[in-house]
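What follows is a set of notes on a single structure, which appears directly below.
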Amino acid sequence: MNDCEERKHWNMWGLAKRLATKESIAEFCKEQGLIATTPTCKWCHKMLTWTLDPGRRDGFVWRCNNRRCSKRSRSCSVRHCTWFFNSKLTLGKILVMTYCWAVRMTNKVALRECSIDDSTTSDRTVVEWFNYCREVCLHAVRQCSSKAIGGPELVVEIGESKFGKQKFNKSRNMKGKWVLGGICRKTRDVFFIEIDNREPATVISLIKEYVAPGSTLVITDCWQSYDCFSADNFKDLNVYHTVKFMNPPTGALTRNAESQWTQTKRKLLGSSTSSCGGFGLYLAEYIWRRKNRDRDPFQQILDDILLLYKPPKRF
């Protein structure tokens, strides 16, 4: 398998071969752009030297060897301002942990797989790094969220739903998070937004932001059971879109919207996140995985990590 193919289809065996030694780990990180390749000294602006240092955890450091530099021979960690910064874990273990999240290993399985180098990884460490990956997803989703779904001659179904667990099996007592979502019938593009304020003005502004002008909006009747929403609330949208309302006798939701909400809830509620502060991260992960379902998840998360943790050019 050549390098191009390997980048597209990662598995544990292929990753293990690339992470066999400290030298190969460093080379892998350079190839992926996770650590700097040719940084310069911020004092003398000369290129730093990649230096072997057995005393360091990673085995290498960046060092300035310019004789005229006032900071000559100063060393800098290869982790400086990267995905690995401020962590006591080895580079290899962090990469394995990132892979475990990418391929959807459970915390228990990831805990076993990451207990390498005769050191045991704690469950708390796994949870923290999995959440770091979800933060990357959140940033990546926000970066591409400027592209609204739909467009001229396209139909976008809009609805909202509450994510949470019912108390005493009664939906009116359910505690959780409200989510506004939409799906384009033709392209299957979706958006989901956690909303705290369900006032009509807030909902309308979000629809304008996430649905492209010229779209035909199909508003499901899920809002008709609430006094704060009515057809009059959506009058402003007529300037940007063609608005249609579902007829209750034909069904509360269309098949597209109903199926999408069901899939989303199945993924999120299984993680018991609806009542905790991390719900937004899990929602971002779901959107990220959906957008990248045709790509290798490990390679994609490595690429998206660089959106948040791109190594600096000067140390």
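The separation of segment 288-304 from segment 67-81, counted between C-alpha centres, amounts to 35 Å. Shown for Tyr210, Tyr132: other C-beta atoms within 10 Å of each C-beta, ranked fewest to most, produce the order Tyr132, Tyr210. Annotation: peptides 33-40, 201-208, ranked by per-residue average of other Cβ atoms within 10 Å with the highest first, follow the order 33-40, 201-208. Between amide H atoms placed 1.01 Å from N, distances below 5 Å from Phe163 occur with Lys177, Trp178, Val179, all of them 5 or more places distant or on a separate chain. 3J(HN,Hα) couplings calculated from phi for segment 74-85 with the Karplus curve 6.51 cos²θ - 1.76 cosθ + 1.60 (θ = phi - 60°) are, in sequence order, 6, 10, 9, 5, 5, 8, 3, 6, 10, 4, 9, 4 Hz; Gly and Pro show x. Listed values for segment 26-42 are Karplus-derived 3J(HN,Hα) couplings in whole Hz (6.51 cos²θ - 1.76 cosθ + 1.60, θ = phi - 60°), namely 4, 5, 4, 5, 5, 4, 7, x, 6, 10, 5, 10, 9, x, 10, 6, 6, and x replaces Gly and Pro. Between Lys162 and Arg72, the contour length at 0.36 nm per residue exceeds the alpha carbon distance by 26.5 nm.
Gain in length, Thr38 to Lys88, computed as 0.36 nm per residue apart minus the alpha-carbon separation, to one decimal in nm?
Taking 0.36 nm per residue and subtracting the Cα distance, the gain is 15.6 nm.
For a modelled paramagnetic label at His9, 7 Å from Cα along Cα-to-Cβ, no residue of segment 80-100 is in reach, as no backbone nitrogen comes under 11 Å. When Cys81, Cys100 are arranged by Cβ crowding within 10 Å, least crowded first, meaning fewest neighbours, the order is Cys81, Cys100.
Assuming 0.36 nm per residue, please report the length gained on full extension of the stretch Trp178 to Glu209 beyond their Cα-Cα distance.
Working: separation 31, 0.36 × 31 = 11.16 nm, distance 1.79 nm.
Here the segment from Trp178 to Glu209 would lengthen by 9.4 nm.
For Leu306 and Ser24, what is the calculated FRET efficiency with R₀ set at 25 Å and r taken between the beta-carbons, to the nearest 0.05? About 0.80, to the nearest 0.05.
With the simple spin-label model, which puts each label point 7 Å out from Cα in the Cβ direction, the Cys144 to Asp53 separation comes to 3.8 nm. Cβ-to-Cβ counts within 10 Å put Ile149, Ile301 in ascending order as Ile149, Ile301, the fewest first.
Any read-out appearing in this document is the output of simple, stated calculations on the displayed coordinates, not a laboratory observation. Keep in mind it's a predicted model, so treat the numbers as computed, not measured. Every residue, glycine among them, receives a Cβ derived from its backbone with ideal geometry; neighbour counts consider all protein chains shown.
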